[in-house]
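Reading through the structure tokens given below for one structure.
Here, each number is a calculation from the coordinates, and none is a lab measurement. No experiment lies behind these values; they were computed from the predicted model shown. When we count neighbours, we look across all protein chains shown, and the Cβ atoms used for this are built from the backbone with ideal geometry, even at glycine.
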Amino acid sequence: MTTFTVDDKSYTVETRGKNLLEVCLGLGLNIPYFCWHPVFRSVGACRQCAVKVFMDAKDNRGSIEMSCMTPVKDGMRVFINDPEALAFRARIIEWLMVNHPHDCPVCDEGGECHLQDMTVMTGHVYRTHRFPKRTHRDQNLGPFVNMEMNRCIQCYRCVRFYRDYAGGRDFDVMGWHDHVYFGRHEDGALESEFSGNLVEVCPTGVFTDKSLKKHYTRKWDLQTAPSICVHCGLGCNTIAGERYGTLRRVMPRYSEKVNGYFLCDRGRYGYGFVNSGKRIRQPLIRDAESQSTTSSTLALARISELLRSGNVIGIGSPRASIESNFALRALVGAERFFYGMPESEMRIISSMVEMIRSGPVITPSLREVESCDSVFILGEDVTNSAPMLDLALRQSVLQKPMIEAMKLGIHDWLNECLREAMQDERGPLFIAAPYQTKLDSIATAAYRAAPDDIARLGFAVAHIIDPNAAAVPGLTPLLEAQAKAIAAGLGSGRKPLVVSGTSCRSEAVVHAAGSIARALHAAGTDVRLCFTVPECNSMGAALLPAGGIESALAELRKGSAATVIILENDIFRTLDAASAQTIFSNTHVIAIDHMSTATTGRAEVVLPAAAFPEASGTLVNNEGRAQRLFQVFVPSAPIEASWRWISKMMPILRKKADPWPTLDSLLAEIAADIPVFAPIRDIAPPAGFRLLEQKIPRQSARYSGRTAISANVTIHEPKPPEDRDAPMSFSMEGSPRQPPSALIARFWAPQWNSVQAINKFQNEIAGTLRGGDCGRRLIEPSPLPRASAPTVIPPAFAPRLDAFLFVPAYHIFGSDECSAVADEVTRNISPAYVGFATVDANRFGIVEGQIVAVSVGNEILRLTAKLNASLPAGIAALPFGLPGLHAANLPAWGTLDNLSTSEEQRGARQ
Ligand code: SF4
Ligand code: SF4
Ligand code: FES
């Protein structure tokens, strides 16, 4: 503990690993700053955080110091409000603002701008500069980020995030004469998957959210609520904002355990599907010819007929909430409820759950991944399947060199010095995947192999680390050498990490990952095991005891059900087209979804479900963390949460009418019925919770235009809607106090209007939120580790001359069903293609860009050929989820049907 004074007040605090600025901000004191960031720490670039420091009792002169560059010492006397320090800071901001256009009224950052806040805090009110200002030409950086470089104050945060933290290479700082410019070498879309974070990282209005610009509203006019990203299985925490009934933006919500301060671009810009024309906003009913809109009453009447006509089964969804899946299970009965995912995927996820449960290895939070120092990724392209995991792994490879650099006596917050000392050193990162991944560029070694060979490599690594682990028969010398290198790299780590997931659709790969983790644990290391899952609630759905979608199909084929209810699931993405089609030929189909899909297009009745900002619910992420997302706005009637539609069907099947009048009543039933979900009632305060006897407001204190919003309907201000499911109001009225962390709808504090206000919500800088972090892990390793499942080592992959093994390839933009509909994202989706290994392409005379027909499963696909030198011979890649591709049952053997017959392409080949 260190004792020091600030403005003559004494403090005794833990200061290890922190500089003076961080300590003071953590104490709730206000010091203006720009270039310091809680994650990238200090570089001393802006000089805005100056304070007067007297080093000890003997120091009677004191000196102006940059607080972000100063360690805290016992006996130190610090003066934030010293007149010299105040004048210094006022002069600095005046200089920084010399060339700033002072265009706050037209700036998208206005009202949520750190530069505005710091200018006011510093007291700079009058501009003395009388000369022309330096101006820049702005760049078009693509659909995500807008640029207005004249607002730059040269704090270097953007380039430190983009290059140093996120590993981007197409953005830099460029200087000539008296100009410093932060951008690309030429106009063009930013290539980093994390480019959107520039919006919050930049303390001014240089980089702003281009998607918000399209339907701009002032930030204080947004109605916001805490939410969870629905575009992959990591469950990043978000704040979603609405105005005039449309979702206007999604931004990160700080979470110490999950996404920290950031989001990936899929998570940030995928929200457009909520406003898209593909939304289902009215019930649909099918007659002999086509579907047409109908009223809820008529839709439910038709549903009543269908449900009474025979047995009913339910197909759940890994993208629907726990509540909606559970409600469907309660409606149809546990034995007639099925996972909305293929058996193969279900088995893999169940294996993951079992491995996490049986221990002894712990699965890390996303944040904890950053602290691991040697990594082996098996079968995952995390940049595209779980993007924020890529960002976390980029920090974990810095752990080892950072620890070495700190041995030189460099503070861990002295970021620039640390990076100088580390140079390009990286800790061990090994990747085994079917094709080249973006992380390969920072990997120690990358291996390309078929899923079975990836599994064999993994089992071989486990055996080398722990000879008690099963040996791999028929190991080639090359594979053995690779396994030894990986084992040595992992063994050199203080905290190794093994990463795997569902991408390869291989149970063997996941078991191999588990086997390595257990071997490392047996060897005495503090190992972690991280799995990725495809959908936002894949893990939660897998915790509900049920069979896979093929079992549902078998039931339907037996004729034991006349009607199927499909919940938020496009079964044409889950099953091959022929199997999916059989469901419609033999059965009455009722679909509940928020987006029109191939499934809803064929259903007899479709009910309009609420999308993520339109209802509250619970999702379970890849580490088994249950997290609550809250309704942001009330959708236009008759859109409702899926579980509320299901609740209306209960009496039709002679079950209790209105069984769950509120979310809390449904949660209570879930917790009582399924033991693993017992804690989910406690992950957020119930609807009856009050702070100072008031609800938590979704609108800011400055929210404007409440009467005007509905002036076309009534000149009276309507009563705000009631929320039965959450202790939050749809208005600006409510408790002014900081709410419990699960209910934080915006980060705001007096004098802090930008996201930098997060500092005021944390127990310590970059630490836990006051009131604890959100969510609760449902699966923890058993204290008495159970025996692992017997190891089944697959035979080596044998390429065939007459066929290819088609494996799924993932894309951050396009592979996720919902975000693929968002305008910004659609523009980034590449057309469907089939990737061939260069050796195979040469063998078959396939050239880049040629249209080829491939036969996979029972489908023939005509696709553009792309040559991929990283694919091993005999393997072909089909992008998962891109338009026109189902990729449901990959990996699968398939053949090349014929080559293109088009004249131009034939000409191109000759
Ligand atoms: S663009 Fe923004 S983040 Fe980058 S240096 Fe300028 S003010 Fe700082
Ligand atoms: S990593 Fe996944 S959960 Fe996180 S923001 Fe991106 S898409 Fe959303
Ligand atoms: S915040 Fe300390 S110099 Fe910029």
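Scanning residues 5 or more positions from Ile875 or on other chains, those with amide H under 5 Å from its amide H are Leu805, Ala837, with H placed 1.01 Å from N in the peptide plane.
What full-extension length gain, to one decimal in nm, is calculated for Val106 and Asn842 as 0.36 nm per residue of separation minus the Cα-Cα distance?
Here the answer is 259.3 nm.
With 19 Å as the limit on Cα-Cα distance, the pairs of Lys52/Lys73; Lys257/Lys495; Lys9/Lys52; Lys213/Lys760; Lys18/Lys407 that go past it are Lys213/Lys760.
Largest first and in whole Å, the equivalent-ellipsoid semi-axes of segment 413-474 read 32, 16, 7, each the square root of five times a Cα gyration tensor eigenvalue. Just round it to a whole percent: the fraction of Cα-Cα distances in the chain exceeding 38 Å. Cα-Cα pairs of the chain separated by over 38 Å account for 47 percent.
Shown in residue order for segment 238-243 are the 3J(HN,Hα) couplings computed by the Karplus curve 6.51 cos²θ - 1.76 cosθ + 1.60 at θ = phi - 60°: 9, 10, 9, x, 10, 8 Hz (x for Gly and Pro).
Among Trp220, Trp36, Trp413, sorting on how many other beta-carbon atoms sit within 10 Å of each Cβ, with the fewest leading, yields Trp220, Trp413, Trp36. Is the shape of segment 279-325 best called rounded, prolate or oblate, per the rule: a/c under 1.5 gives rounded, else a/b larger than b/c gives prolate, else oblate, with a ≥ b ≥ c the square roots of the Cα gyration tensor eigenvalues? Note, shape of segment 279-325 comes out oblate. How much net charge surrounds Phe326 when only other residues with a Cβ under 12 Å from its Cβ are counted (Lys, Arg +1; Asp, Glu -1)? Net local charge, Phe326 excluded: -2. Annotation: amide H-H contacts under 5 Å for Ser374 (H modelled 1.01 Å from N, sequence separation of 5 or more, or interchain): Lys495, Leu497.
Computed over segment 559-613, the P(r) tail beyond 13 angstrom holds 55 percent of alpha carbon pairs. How tilted is helix 387-396 with respect to the longest principal axis of the chain? Cα atoms for both, answer in degrees (0 to 90, nearest 10). Tilt of helix 387-396: around 50 degrees.
Based on the Cβ-Cβ distance from Arg654 to Ala749, what FRET efficiency comes out when R0 is 45 Å, to the nearest 0.05?
0.25
Near Glu354, once Lys and Arg are set to +1 and Asp and Glu to -1 for all other residues with Cβ below 14 Å from its Cβ, the sum equals +2.
The HN-Hα couplings worked out from phi for segment 880-885 by the Karplus form 6.51 cos²θ - 1.76 cosθ + 1.60 (θ = phi - 60°) are 6, x, 5, x, x, 10 Hz, whole numbers, x standing for Gly and Pro. Amide H contacts for Gln282 (H built 1.01 Å from N in the peptide plane; partners 5 or more residues away or on another chain; cut-off under 5 Å): none found.
If you line up the long axis of helix 343-358 against the longest principal axis of the chain, both from Cα atoms, how many degrees apart are they, to the nearest 10? The angle comes out near 50 degrees. For segment 252-398, the convex hull drawn through the C-alpha positions has a volume of 192 cubic angstrom per residue.
Remark: C-alpha extents of segment 480-595 on the principal axes read 59, 28, 24 Å, sorted largest to smallest. A Förster distance of 30 Å, applied to the separation of the beta-carbon atoms of Asp412 and Arg163, puts the FRET efficiency at 0.95.
Within segment 417-562, the ratio Rg/Rh, alpha carbon atoms throughout and Rh by Kirkwood, equals 1.09.
Within straight-line reach of Lys558, meaning a Cα separation under 20 Å, sit the following aspartates and glutamates at least 8 residues removed in sequence or on another chain: Glu335, Glu343, Glu550, Asp576. Applying both filters, DSSP loop and at most 14 other Cβ atoms within 10 Å, to the trypsin sites (Lys or Arg not before Pro) of segment 492-540 gives Arg494. Computed as a quarter of the hull surface, the mean projected area of the alpha carbon convex hull for segment 123-274 stands at 11.2 nm². Using only Cα atoms, find the angle between the long axis of helix 663-673 and the longest principal axis of the chain, and express it within 0 to 90 degrees, rounded to the nearest 10. So the inclination is approximately 60 degrees.
Bridge orientation summary for the chain: considering DSSP beta bridges with both residues in this region, about 55 percent are antiparallel.
In the chain, helices alone account for a calculated mean residue ellipticity at 222 nm of -7500 deg cm²/dmol, with every DSSP H run of four or more residues adding -39,500 (n - 2.57). Counting Cα-Cα pairs of segment 568-666 in 5 Å increments starting at 0 gives whole-percent bin shares of 2, 12, 17, 19, 19, 17, 11, 3, 0.
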